[in-house]
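Enquirer: Sharing a structure with you now.
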Amino acid sequence: MLEVQSAAWNRGDLETFVETYENSPSITFLGKELSHGRDAVLARYKRTYNTPEKMGKLRFEVLSYRALGADHAMVLGKFYLTRTAAGGGDASGHFTLILRKGKDGWKIVHDHTS
């Protein structure tokens, strides 16, 4: 799933990037602001990363993975965003993802990125 996300991001495809989130109004993204629902998450990404320079190149490092039952899991990791000075410069931080396994495979139901 994270490989799908980074590949989509790195080609500037935010719609595919956000398809890794469950299509539900109850999912949450917490970063600098709290967003509810996949449409709101996509809108936030489009507003914040509205140029190729601001998007830069993304890669992830998984620090740990833990099953939370048969159909839930938690992933702790780090992101690295490589950008030019004009795009805001390099950025990195940590994330916690809660995933749920459904008919479409594993999807993000909660994302806390800082």
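The values are calculated or read from the model by the stated rules, or taken from the named source; none is laboratory data. Owing to the predicted nature of the structure, the values given are computational and were not obtained by experimental measurement. Heads up, the Cβs are rebuilt from the backbone with ideal geometry, glycines too, and the neighbour counts pull from every protein chain shown. Keep in mind that these areas ignore ligands, DNA and RNA; they rest on the heavy atoms of the full protein, side chains included. Shrake-Rupley method; radii C 1.70, N 1.55, O 1.52, S 1.80 Å.
Enquirer: Scan the stretch 31-60 for residues that are open to solvent by 70 Å² or more (accessible area, probe 1.4 Å) and either of a type in the set (Phe, Trp, Tyr) or more than 13 Å from the chain's Cα centre (by Cα) (or both) and report the count.
Expert: Residues flagged as open to solvent by 70 Å² or more (accessible area, probe 1.4 Å) and either of a type in the set (Phe, Trp, Tyr) or more than 13 Å from the chain's Cα centre (by Cα) (or both) within the stretch 31-60 amount to 11.
Results for (1) free of Cβ contacts under 8 Å to residues at least 24 places away in the same chain; (2) open to solvent by less than 60 Å² (accessible area, probe 1.4 Å); (3) aliphatic (A, V, I, L, M); (4) in a strand (DSSP E or B), shown as yes or no for each residue.
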position	(1), (2), (3), (4)
GLU3	yes, no, no, no
TRP9	no, yes, no, no
PRO25	yes, no, no, no
PHE29	no, yes, no, yes
SER64	yes, yes, no, yes
VAL109	no, yes, yes, yes
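Enquirer: What tally of residues in the stretch 41-54 results from selecting those that are in a helix (DSSP H, G or I) and over 14 Å from GLU15 (Cβ atoms)?
Expert: 5
Enquirer: Moving on to the next point. For the stretch 83-100, what are the residues that are surrounded by 14 or more Cβ atoms within 10 Å (Cβ to Cβ) and either in contact with a His (Cβ under 6 Å, 6 or more places away or on another chain) or not small (Gly, Ala, Ser) (or both)?
Expert: Once the filter is applied, which keeps residues that are surrounded by 14 or more Cβ atoms within 10 Å (Cβ to Cβ) and either in contact with a His (Cβ under 6 Å, 6 or more places away or on another chain) or not small (Gly, Ala, Ser) (or both), the stretch 83-100 yields ARG83, PHE95, THR96, LEU97, ILE98, LEU99, ARG100.
Enquirer: Against the definition (more than 14 Å from the chain's Cα centre (by Cα) and in contact (Cβ under 8 Å) with a residue 60 or more places away in the chain), how does GLY102 come out, yes or no?
Expert: yes
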